[in-house]
Amino acid sequence: MLARLKKLVLSAAFACALPLAAAGRVEAAPPQAPEFTGIEKWLNSEPLDMASLRGKVVLVDFWTYTCINCIRTLPYVKSWHEKYKDQGLVVVGVHTPEFAFERSTANVQDAIKRFGISYPVAQDNKYATWDAYRNIYWPAFYLVDKQGRVIYTHFGEGRYKETEAMIQQALAQAG
């Protein structure tokens with residue numbers, strides 16, 4: 001229980017480290033995006049790393065294929081991928097299983113095909129990338145700017161217009 005509470009506090013601290021420019025206050029610089037680590041298998045892509053994605057805007061989407069909330073976000077994520085990939089957006093789905101059967105690569109591949117996902121998917125069976133981001137939610141979005149900094153987070157469903165506006169803003173920024 002204490003370890004779970006500590007993880008929640010650390011996650012909240014990570015999310016709260018984001019700048020509050022809209023409120024007119026200058027905060028500390030956004031944190032650097034953690035590396036994709038401990039990935040068992042990359043699907044729809046060769047292995048990716050944050051260094052090779054520098055100069056791109058990256059939407060990291062933590063999901064699992066049986067989560068109804070994740071399934072409901074997929075049309076938006078797929079739309080953003082299609083709409084902005086030629087402008088420099090890279091969507092990376094980090095599939096982190098909730099249940100043992102979701103660890104099967106064949107099951108994840110079937111889900112990718114069933115949902116029509118064409119962007120890269122990292123199979124994070126050991127929760128290594130999940131832990132690196134201090135994530136605790138499905139679904140969870142982490143938007144990374146061209147300098148590799150996490151500039152926006154959203155957990156759960158909703159705020160699709162706000163998330164898309166942040167993607168557009170990050171793509172428009174020089175750098």
Percent antiparallel among DSSP beta bridges confined to the range 41-172, rounded to 5, stands at 55
Percent of Cα pairs exceeding the 21 Å cut-off, where the set is the range 41-172 = 33
Cα pair distances of the range 90-142 binned at 5 Å [whole percent] | 4, 19, 30, 27, 16, 3
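Where a number appears in this text, it was derived from the coordinates with a stated rule and is not lab data. As the structure is a computational prediction, the values presented were derived from the model and not from experiment.
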